[in-house]
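Colleague: Submitted below is the structure of interest, expressed as structure tokens.
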Amino acid sequence: MAFSSDNIAIFLAVLDHGSFSAAARALGRVPSAVSMAIANLEAELDLQLFDRSSREVRPTESARALEAEARQMAGQLRRLQAHALSLHQGLERRLTLAIAPELLSAPWSDPLARLAEEFPSLEVDVVSAPQNDALRMLHDGAAQLALIYERPQIDQRESFQELGSEVLVAVISPQHPQARERNGQFRLEDLVDMRQVAIVSRDARIEDERVLISRKLWRTDSHLATLSLVRAGVGWAYLPRRLAAPLIASGELLGIGFAHMSNQVRLWVDVVWLNDRPLGLGAQRLIALMKDIAGLEARPVET
């Protein structure tokens, strides 16, 4: 057995520090032990790895040829050890995050990028589902976390961390007949009889009255499907401001103006998990990272 985790570490330390004594200090060993380990490695490989003709040992061409793979093996060993330690500390093998479609344009990917750096072995599934379907996944065990809008009522089986808020804006296609007729200015009651395109649960019995206004409703389970239908002139919709704003600026969408009220709905955003299911290390860390999520507006402090 030529290379091992121990002599790879010694080999790289001598390369990095330029002498057996300096490598020994870095490794917390005596110089003779380092020198002996290199001599044994050279004997087993039948290769001279270091030129000892001067005060500082110099790597030979053979050592340089082996350096890249030795560093790769050392890195793999460190990752393996880190993975084993993470498993010991409670890192789950896979983490599933269910996200309400309206929140797909929110900056949730940055915390996941940080999570990937900290736990490179963790497998992550990101699933888009209408809010009530995302919650059903959570309760069925198909997801460990759900990123959703705050609900009017609290479920005692759940815990949550508030992340901030998202603003939904009422929009319509400029080519919609009603938009041209009213020049984008509506009363709220005008929208009751106009077709609304909304992201709702696949279970039509579950509806969020905060954003459902019209008697005529087309349902989707995707903000992109909703956007496509609105752009095609099928009806109007509430869309996330960060998604709608560039399209309003370019003239592709028209922000609906209400005569006596704002055309925006602010909904608070929570990451939710279940009380009776202990969270793994990855889920706990993601919640902590999401607390610093960029772009969601913080709830004003009440005084």
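Colleague: Using the beta-carbon distance between V126 and A2 and R0 = 45 Å, what value does 1/(1 + (r/R0)^6) give for FRET efficiency, to the nearest 0.05?
Modeller: The calculated FRET efficiency here is 0.55.
Colleague: Which angle between 0 and 90 degrees, to the nearest 10, do you get for helix 5-17 versus the longest principal axis of the chain when only C-alpha atoms count?
Modeller: Helix 5-17 and the main axis of the chain meet at about 80 degrees.
Colleague: Strictly greater than 20 Å: what percent of every Cα pair in segment 114-206 meets that?
Modeller: Working: 2490 of 4278 pairs.
Every Cα pair in segment 114-206 considered, those over 20 Å come to 58 percent.
Colleague: Classify segment 165-266: rounded, prolate or oblate, from the alpha-carbon gyration tensor (a ≥ b ≥ c, eigenvalue square roots; a/c under 1.5 rounded; otherwise prolate if a/b is larger than b/c)?
Modeller: rounded
Colleague: Under the rule of -39500 (n - 2.57) per DSSP H run of 4 or more residues, summed and divided by the residues of the chain, what mean residue ellipticity at 222 nm is obtained, to the nearest 500 deg cm²/dmol? Show your work: numbers first, answer last.
Modeller: Working: 11 runs with 125 residues, N = 303.
Helix-only estimate at 222 nm: -12500 deg cm²/dmol.
Colleague: Just one of [x] 35, 52, 12, 1; [y] 29, 55, 16, 0; [z] 27, 35, 21, 15, 2 is P(r) over Cα pairs in 20 Å bins from 0, in percent calculated from these coordinates, so which is it?
Modeller: Here P(r) over Cα pairs in 20 Å bins from 0, in percent agrees with entry [z].
Colleague: Here's something else I'd like to know. Treating the angle as unsigned and between 0 and 90°, give the value, to the nearest 10°, between the Cα long axis of helix 241-250 and the longest Cα principal axis of the chain.
Modeller: It is inclined by approximately 70 degrees.
Colleague: Quick check on the exposure proxy: order E117, E162 from fewest to most C-beta atoms within 10 angstrom. Kindly include the intermediate steps, with their values, before the conclusion.
Modeller: Values: E117 8, E162 14.
Lowest count first: E117, E162.
Colleague: Enter the angle in degrees (range 0 to 90, nearest 10) between the Cα long axis of helix 61-89 and the first principal axis of the Cα atoms of the chain, meaning the one along which they spread out most.
Modeller: So the inclination is approximately 50 degrees.
Colleague: Given the options R58, R94, R187, state which has the largest fluctuation in a GNM of the chain using a 10 Å cut-off (strictly under) for Cα springs.
Modeller: Per the Cα network of the chain with a 10 Å cutoff, R58 tops the list.
Colleague: Still on this structure: Rounding to the nearest 20 debye, state how big the charge dipole of the chain is about its Cα centre with +1 on each Lys and Arg Cβ and -1 on each Asp and Glu Cβ.
Modeller: On the way: 33 positive and 39 negative charges, 94 e Å.
Here the chain has a charge dipole of around 460 debye.
Colleague: Can you tell me how much longer the chain between Q72 and Q284 gets when fully stretched, taken as 0.36 nm per residue apart minus their C-alpha distance, in nm with one decimal?
Modeller: Contour length minus the Cα-Cα distance gives 73.3 nm.
Colleague: How far is it, in nm, from the label point at K291 to the one at R215 when both lie 7 Å from their Cα along the line to the Cβ?
Modeller: In this crude label model, K291 to R215 measures out at 4.9 nm.
Colleague: Further, regarding this structure: Return the loop-located chymotrypsin sites (Phe, Trp or Tyr not before Pro) in segment 140-204 (DSSP other than H, G, I, E, B) with at most 11 other Cβ atoms within 10 Å of their own Cβ; answer none if there are none.
Modeller: Answer in residue order: no site qualifies.
Only the coordinates and a few stated rules stand behind these numbers; no lab work does. On a predicted model such as this, the values are computed, not experimentally measured, just so you know. A quick note on method: Cβ atoms are made from the backbone with ideal geometry, for glycine too, and the neighbour counts reach across all protein chains shown.
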